[in-house]
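Worksheet: one structure, shown below.
The values are calculated or read from the model by the stated rules, or taken from the named source; none is laboratory data. Keep in mind the model is a prediction, meaning the values are calculated, not measured. Please note: Cβ atoms are built from the backbone with ideal geometry, for glycine as well, and neighbour counts cover all protein chains shown. Only protein heavy atoms, including side chains, enter the accessible area calculation; ligands, DNA and RNA are left aside. Shrake-Rupley method; radii C 1.70, N 1.55, O 1.52, S 1.80 Å.
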Amino acid sequence: MIRQDEATCLRMVEAGRTNTYPELVARLLREGRRDEALQWIYRGIQETEETAPGIADELRTILRETWEREGDWPAVTAVCAEAFFYEPTYPAFRDLEEAARRAAVRDEVREAAMRYLISGERPPAGGGVISGVLPDTGVGVRAPRRGITAPGADTLIEIAIAEEKPDEVLRWYDQWEEVKIDRYLRYNLEDRVADAVADAHPELAIAIWRKKAERLITEVRPRSYEGSLQYLRKLRSNTETPEWEEYLGELRHKHARKRRFLEVLDHAEDQQIVEGYPIDHTLEAQVSWCPRSGDVEG
(Lines give C-alpha, C1' and ligand atoms only; values in the text may rest on other atoms or scores of the structure.)
Protein backbone atom coordinates (compact mmCIF):
# COMPACT_ATOMS: atom_id res chain seq x y z
CA MET A 1 0.00 0.00 0.00
CA ILE A 2 2.85 2.36 0.85
CA ARG A 3 4.52 1.70 -2.51
CA GLN A 4 1.17 2.22 -4.26
CA ASP A 5 0.66 5.55 -2.51
CA GLU A 6 4.19 6.59 -3.40
CA ALA A 7 3.60 5.70 -7.04
CA THR A 8 0.37 7.70 -7.10
CA CYS A 9 2.08 10.71 -5.48
CA LEU A 10 4.80 10.51 -8.10
CA ARG A 11 2.12 10.53 -10.81
CA MET A 12 0.65 13.67 -9.26
CA VAL A 13 4.02 15.40 -9.27
CA GLU A 14 4.67 14.43 -12.89
CA ALA A 15 1.16 15.04 -14.29
CA GLY A 16 1.50 18.76 -14.89
CA ARG A 17 4.97 18.50 -16.38
CA THR A 18 4.25 15.56 -18.68
CA ASN A 19 0.52 16.07 -19.34
CA THR A 20 -0.22 12.58 -18.04
CA TYR A 21 -3.49 13.64 -16.44
CA PRO A 22 -5.55 10.80 -17.97
CA GLU A 23 -3.19 8.17 -16.56
CA LEU A 24 -3.28 9.77 -13.11
CA VAL A 25 -7.07 10.03 -13.15
CA ALA A 26 -7.43 6.39 -14.20
CA ARG A 27 -5.13 5.35 -11.36
CA LEU A 28 -7.09 7.35 -8.79
CA LEU A 29 -10.36 5.84 -10.00
CA ARG A 30 -8.93 2.33 -9.69
CA GLU A 31 -7.94 3.16 -6.13
CA GLY A 32 -11.46 4.32 -5.34
CA ARG A 33 -10.40 7.96 -4.93
CA ARG A 34 -13.22 9.30 -7.04
CA ASP A 35 -13.38 12.87 -5.70
CA GLU A 36 -9.64 13.36 -6.13
CA ALA A 37 -9.90 11.98 -9.66
CA LEU A 38 -12.55 14.54 -10.55
CA GLN A 39 -10.44 17.37 -9.16
CA TRP A 40 -7.55 16.25 -11.36
CA ILE A 41 -9.89 16.08 -14.34
CA TYR A 42 -10.91 19.71 -13.82
CA ARG A 43 -7.32 20.76 -13.33
CA GLY A 44 -6.12 18.79 -16.33
CA ILE A 45 -8.75 20.26 -18.64
CA GLN A 46 -7.87 23.78 -17.51
CA GLU A 47 -4.15 23.17 -18.03
CA THR A 48 -4.38 21.43 -21.41
CA GLU A 49 -7.35 23.11 -23.12
CA GLU A 50 -5.16 25.43 -25.19
CA THR A 51 -1.90 23.54 -25.46
CA ALA A 52 -3.07 19.91 -25.72
CA PRO A 53 -6.80 19.84 -26.58
CA GLY A 54 -6.69 16.12 -27.31
CA ILE A 55 -5.83 15.44 -23.66
CA ALA A 56 -8.60 17.78 -22.51
CA ASP A 57 -11.06 15.84 -24.69
CA GLU A 58 -9.84 12.56 -23.21
CA LEU A 59 -10.44 13.92 -19.72
CA ARG A 60 -13.95 15.02 -20.67
CA THR A 61 -14.62 11.49 -21.90
CA ILE A 62 -13.41 10.01 -18.61
CA LEU A 63 -15.65 12.44 -16.72
CA ARG A 64 -18.67 11.51 -18.81
CA GLU A 65 -18.01 7.79 -18.44
CA THR A 66 -17.63 8.17 -14.68
CA TRP A 67 -21.03 9.83 -14.42
CA GLU A 68 -22.52 7.21 -16.74
CA ARG A 69 -21.37 4.44 -14.40
CA GLU A 70 -22.88 6.35 -11.49
CA GLY A 71 -26.16 6.90 -13.36
CA ASP A 72 -25.91 10.69 -13.12
CA TRP A 73 -27.61 11.32 -16.45
CA PRO A 74 -28.22 15.06 -16.01
CA ALA A 75 -24.46 15.52 -15.61
CA VAL A 76 -23.76 13.19 -18.57
CA THR A 77 -26.21 15.21 -20.67
CA ALA A 78 -24.47 18.43 -19.67
CA VAL A 79 -21.12 17.06 -20.90
CA CYS A 80 -22.72 15.88 -24.14
CA ALA A 81 -24.41 19.26 -24.61
CA GLU A 82 -21.13 21.08 -24.20
CA ALA A 83 -19.57 18.79 -26.83
CA PHE A 84 -22.49 19.39 -29.21
CA PHE A 85 -22.41 23.17 -28.97
CA TYR A 86 -18.64 23.03 -29.44
CA GLU A 87 -18.99 21.02 -32.67
CA PRO A 88 -22.59 20.33 -33.76
CA THR A 89 -22.16 17.10 -35.70
CA TYR A 90 -24.81 14.40 -36.03
CA PRO A 91 -22.95 11.91 -33.75
CA ALA A 92 -22.77 14.63 -31.07
CA PHE A 93 -26.51 15.31 -31.48
CA ARG A 94 -27.32 11.60 -31.25
CA ASP A 95 -25.28 11.19 -28.05
CA LEU A 96 -26.87 14.31 -26.57
CA GLU A 97 -30.41 13.23 -27.32
CA GLU A 98 -29.88 9.75 -25.88
CA ALA A 99 -28.37 11.14 -22.68
CA ALA A 100 -31.18 13.70 -22.40
CA ARG A 101 -33.76 10.94 -22.79
CA ARG A 102 -32.20 9.06 -19.89
CA ALA A 103 -32.14 12.27 -17.86
CA ALA A 104 -35.85 12.90 -18.63
CA VAL A 105 -35.12 16.28 -20.26
CA ARG A 106 -35.18 15.22 -23.91
CA ASP A 107 -37.75 17.76 -25.11
CA GLU A 108 -36.03 20.78 -23.54
CA VAL A 109 -32.58 19.72 -24.71
CA ARG A 110 -33.71 18.83 -28.22
CA GLU A 111 -35.43 22.22 -28.57
CA ALA A 112 -32.21 24.03 -27.63
CA ALA A 113 -30.09 21.88 -29.95
CA MET A 114 -32.43 22.27 -32.92
CA ARG A 115 -32.67 26.02 -32.38
CA TYR A 116 -28.89 26.20 -32.57
CA LEU A 117 -28.77 24.13 -35.76
CA ILE A 118 -31.56 26.07 -37.47
CA SER A 119 -30.88 29.64 -36.36
CA GLY A 120 -27.38 29.56 -34.83
CA GLU A 121 -28.80 30.75 -31.50
CA ARG A 122 -27.07 29.27 -28.47
CA PRO A 123 -28.76 28.97 -25.06
CA PRO A 124 -28.20 32.10 -22.94
CA ALA A 125 -25.15 32.13 -20.71
CA GLY A 126 -25.76 31.05 -17.16
CA GLY A 127 -25.04 28.23 -14.77
CA GLY A 128 -24.18 25.57 -17.32
CA VAL A 129 -24.48 24.96 -21.03
CA ILE A 130 -28.32 24.94 -20.93
CA SER A 131 -29.09 27.00 -17.88
CA GLY A 132 -32.09 25.89 -15.84
CA VAL A 133 -32.23 22.52 -17.59
CA LEU A 134 -28.82 20.93 -17.06
CA PRO A 135 -26.41 21.18 -14.12
CA ASP A 136 -23.16 23.09 -14.20
CA THR A 137 -20.47 20.42 -14.57
CA GLY A 138 -17.70 22.69 -13.35
CA VAL A 139 -15.77 22.13 -16.57
CA GLY A 140 -16.74 25.33 -18.37
CA VAL A 141 -18.18 25.96 -21.81
CA ARG A 142 -15.93 26.28 -24.82
CA ALA A 143 -16.41 28.67 -27.70
CA PRO A 144 -17.55 26.82 -30.87
CA ARG A 145 -14.79 25.01 -32.71
CA ARG A 146 -15.95 26.53 -35.97
CA GLY A 147 -18.53 29.18 -36.55
CA ILE A 148 -21.80 27.57 -37.58
CA THR A 149 -23.50 29.09 -40.61
CA ALA A 150 -27.15 28.58 -39.84
CA PRO A 151 -28.79 26.37 -40.67
CA GLY A 152 -26.36 23.49 -40.14
CA ALA A 153 -27.66 21.67 -43.19
CA ASP A 154 -25.55 18.52 -43.08
CA THR A 155 -26.45 17.73 -39.46
CA LEU A 156 -30.13 18.58 -40.00
CA ILE A 157 -30.20 16.29 -43.03
CA GLU A 158 -28.67 13.43 -41.05
CA ILE A 159 -31.21 13.91 -38.27
CA ALA A 160 -34.07 13.81 -40.78
CA ILE A 161 -32.66 10.67 -42.42
CA ALA A 162 -32.31 8.90 -39.07
CA GLU A 163 -35.85 9.87 -38.11
CA GLU A 164 -37.20 8.77 -41.52
CA LYS A 165 -38.67 12.16 -42.40
CA PRO A 166 -38.19 12.53 -46.18
CA ASP A 167 -39.96 15.91 -46.29
CA GLU A 168 -37.45 17.29 -43.80
CA VAL A 169 -34.59 15.74 -45.78
CA LEU A 170 -35.90 17.54 -48.85
CA ARG A 171 -36.31 20.82 -46.95
CA TRP A 172 -32.75 20.96 -45.70
CA TYR A 173 -31.19 19.59 -48.88
CA ASP A 174 -33.00 22.21 -50.96
CA GLN A 175 -31.74 24.95 -48.65
CA TRP A 176 -28.20 23.61 -48.85
CA GLU A 177 -28.45 23.53 -52.64
CA GLU A 178 -29.86 27.07 -52.79
CA VAL A 179 -27.12 28.86 -50.89
CA LYS A 180 -24.41 26.18 -50.54
CA ILE A 181 -24.53 26.59 -46.76
CA ASP A 182 -21.71 24.13 -46.18
CA ARG A 183 -18.72 23.60 -48.41
CA TYR A 184 -19.83 20.04 -48.98
CA LEU A 185 -22.12 17.42 -47.54
CA ARG A 186 -19.97 15.23 -45.33
CA TYR A 187 -19.61 11.45 -45.35
CA ASN A 188 -20.95 11.12 -48.88
CA LEU A 189 -24.29 12.28 -47.51
CA GLU A 190 -25.84 12.92 -50.91
CA ASP A 191 -26.05 9.18 -51.57
CA ARG A 192 -27.98 8.72 -48.35
CA VAL A 193 -30.22 11.69 -49.16
CA ALA A 194 -31.20 10.11 -52.47
CA ASP A 195 -31.95 6.74 -50.87
CA ALA A 196 -33.96 8.39 -48.08
CA VAL A 197 -36.26 10.35 -50.41
CA ALA A 198 -36.48 7.95 -53.36
CA ASP A 199 -40.05 6.89 -52.56
CA ALA A 200 -41.48 10.22 -51.40
CA HIS A 201 -39.52 12.54 -53.71
CA PRO A 202 -38.17 10.51 -56.64
CA GLU A 203 -37.38 13.64 -58.65
CA LEU A 204 -34.70 14.64 -56.12
CA ALA A 205 -33.23 11.14 -55.97
CA ILE A 206 -33.03 11.00 -59.76
CA ALA A 207 -31.38 14.43 -59.91
CA ILE A 208 -28.74 13.37 -57.37
CA TRP A 209 -28.01 10.05 -59.09
CA ARG A 210 -27.65 11.79 -62.45
CA LYS A 211 -25.31 14.39 -60.99
CA LYS A 212 -23.18 11.75 -59.26
CA ALA A 213 -23.01 9.53 -62.35
CA GLU A 214 -22.12 12.37 -64.70
CA ARG A 215 -19.50 13.75 -62.32
CA LEU A 216 -17.76 10.37 -62.37
CA ILE A 217 -18.05 10.03 -66.14
CA THR A 218 -16.33 13.38 -66.69
CA GLU A 219 -13.29 12.17 -64.75
CA VAL A 220 -12.39 10.05 -67.81
CA ARG A 221 -11.00 7.10 -65.87
CA PRO A 222 -12.04 3.44 -66.14
CA ARG A 223 -12.55 3.11 -62.39
CA SER A 224 -14.73 6.22 -62.38
CA TYR A 225 -16.81 4.79 -65.21
CA GLU A 226 -17.29 1.66 -63.15
CA GLY A 227 -18.24 3.80 -60.16
CA SER A 228 -20.93 5.53 -62.23
CA LEU A 229 -22.59 2.18 -62.83
CA GLN A 230 -24.19 2.05 -59.38
CA TYR A 231 -25.95 5.36 -60.05
CA LEU A 232 -26.95 4.40 -63.58
CA ARG A 233 -28.52 1.21 -62.22
CA LYS A 234 -30.52 3.21 -59.68
CA LEU A 235 -31.67 5.54 -62.43
CA ARG A 236 -32.76 2.57 -64.52
CA SER A 237 -34.75 1.12 -61.62
CA ASN A 238 -36.49 4.41 -60.80
CA THR A 239 -37.14 5.84 -64.26
CA GLU A 240 -39.92 5.00 -66.71
CA THR A 241 -38.62 3.14 -69.76
CA PRO A 242 -39.13 5.96 -72.31
CA GLU A 243 -37.30 8.48 -70.13
CA TRP A 244 -34.52 5.97 -69.43
CA GLU A 245 -34.08 5.18 -73.13
CA GLU A 246 -33.90 8.88 -73.91
CA TYR A 247 -31.28 9.46 -71.21
CA LEU A 248 -29.32 6.44 -72.38
CA GLY A 249 -29.27 7.87 -75.89
CA GLU A 250 -28.06 11.24 -74.58
CA LEU A 251 -25.18 9.57 -72.73
CA ARG A 252 -24.15 7.52 -75.77
CA HIS A 253 -24.18 10.60 -77.99
CA LYS A 254 -22.40 12.89 -75.54
CA HIS A 255 -19.68 10.36 -74.67
CA ALA A 256 -19.42 8.59 -78.02
CA ARG A 257 -15.60 8.77 -77.98
CA LYS A 258 -15.28 7.22 -74.51
CA ARG A 259 -15.03 3.59 -75.56
CA ARG A 260 -14.46 2.26 -72.04
CA PHE A 261 -17.47 4.15 -70.72
CA LEU A 262 -19.69 2.77 -73.49
CA GLU A 263 -18.62 -0.73 -72.44
CA VAL A 264 -19.71 0.08 -68.89
CA LEU A 265 -22.96 1.59 -70.14
CA ASP A 266 -23.81 -1.69 -71.89
CA HIS A 267 -24.00 -3.26 -68.40
CA ALA A 268 -26.25 -0.61 -66.85
CA GLU A 269 -29.23 -2.94 -66.88
CA ASP A 270 -27.39 -5.98 -65.48
CA GLN A 271 -28.76 -7.03 -62.11
CA GLN A 272 -25.68 -8.63 -60.60
CA ILE A 273 -22.34 -7.05 -59.78
CA VAL A 274 -19.28 -8.13 -57.81
CA GLU A 275 -16.72 -5.60 -56.59
CA GLY A 276 -17.71 -3.12 -59.27
CA TYR A 277 -17.69 -5.61 -62.14
CA PRO A 278 -20.74 -7.12 -63.85
CA ILE A 279 -21.12 -10.86 -63.55
CA ASP A 280 -21.00 -12.76 -66.82
CA HIS A 281 -21.22 -16.52 -66.91
CA THR A 282 -18.41 -17.10 -69.36
CA LEU A 283 -14.74 -16.83 -68.48
CA GLU A 284 -14.05 -15.09 -71.80
CA ALA A 285 -16.56 -12.36 -71.02
CA GLN A 286 -15.15 -11.84 -67.53
CA VAL A 287 -11.60 -11.55 -68.86
CA SER A 288 -12.64 -9.13 -71.59
CA TRP A 289 -14.26 -6.90 -68.96
CA CYS A 290 -11.06 -6.42 -66.93
CA PRO A 291 -9.50 -2.96 -67.48
CA ARG A 292 -6.25 -3.05 -69.41
CA SER A 293 -3.25 -1.31 -67.93
CA GLY A 294 -2.65 2.03 -69.58
CA ASP A 295 -6.30 2.41 -70.62
CA VAL A 296 -6.80 5.80 -69.03
CA GLU A 297 -9.09 7.61 -71.44
CA GLY A 298 -12.17 5.51 -71.61
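Observations
- Lys, Arg +1 and Asp, Glu -1 on Cβ, resulting dipole of segment 133-255 about Cα centre, debye, nearest 20: 760 debye
- Only protein heavy atoms count here; on that basis, with a 1.4 Å probe, Asp199 has an accessible area of about 150 Å².
- Shape call, segment 48-99: gyration tensor on alpha carbons, a/c limit 1.5: oblate
- Taking all protein chains together, Lys234, Lys165, Lys258 sort by accessible area into Lys165, Lys234, Lys258, largest first [probe 1.4 Å].
- Spherically averaged projected area of the convex hull of Cα atoms, segment 90-153: 4.4 nm².
- Integer Hz, Karplus 6.51/-1.76/1.60 couplings in order for segment 42-48, x for Gly and Pro: 4, 5, x, 4, 4, 6, 10
- In the full protein context, segment 107-150 carries 55 Å² of accessible surface per residue, based on a 1.4 Å probe and ignoring ligands, DNA and RNA.
- Charging the Cβ of each Asp and Glu at -1 and of each Lys and Arg at +1, and nothing else, the dipole of segment 193-243 about its Cα centre rounds to 280 debye.
- Shape of segment 217-259, Cα gyration tensor, a/c cut at 1.5: oblate
- Within straight-line reach of Lys254, meaning a Cα separation under 17 Å, sit the following aspartates and glutamates at least 8 residues removed in sequence or on another chain: Glu214, Glu219, Glu243, Glu245, Glu246, Glu263, Asp266, Glu297.
- Oblate is the label for segment 28-74, because a/c, from the alpha-carbon gyration tensor with a ≥ b ≥ c as root eigenvalues, is 1.5 or above and a/b does not exceed b/c.
- Its Cα centre serving as origin, segment 1-120 has a Cβ charge dipole (Lys and Arg +1, Asp and Glu -1) of approximately 200 debye.
- Farthest toward positive dipole pole in segment 1-82 [+1 Lys/Arg, -1 Asp/Glu at C-beta], among Cys9, Thr61, Ile45: Cys9
- Rounded percent of accessible protein surface that carbon and sulfur make up, segment 82-131, 1.4 Å probe: 47 percent
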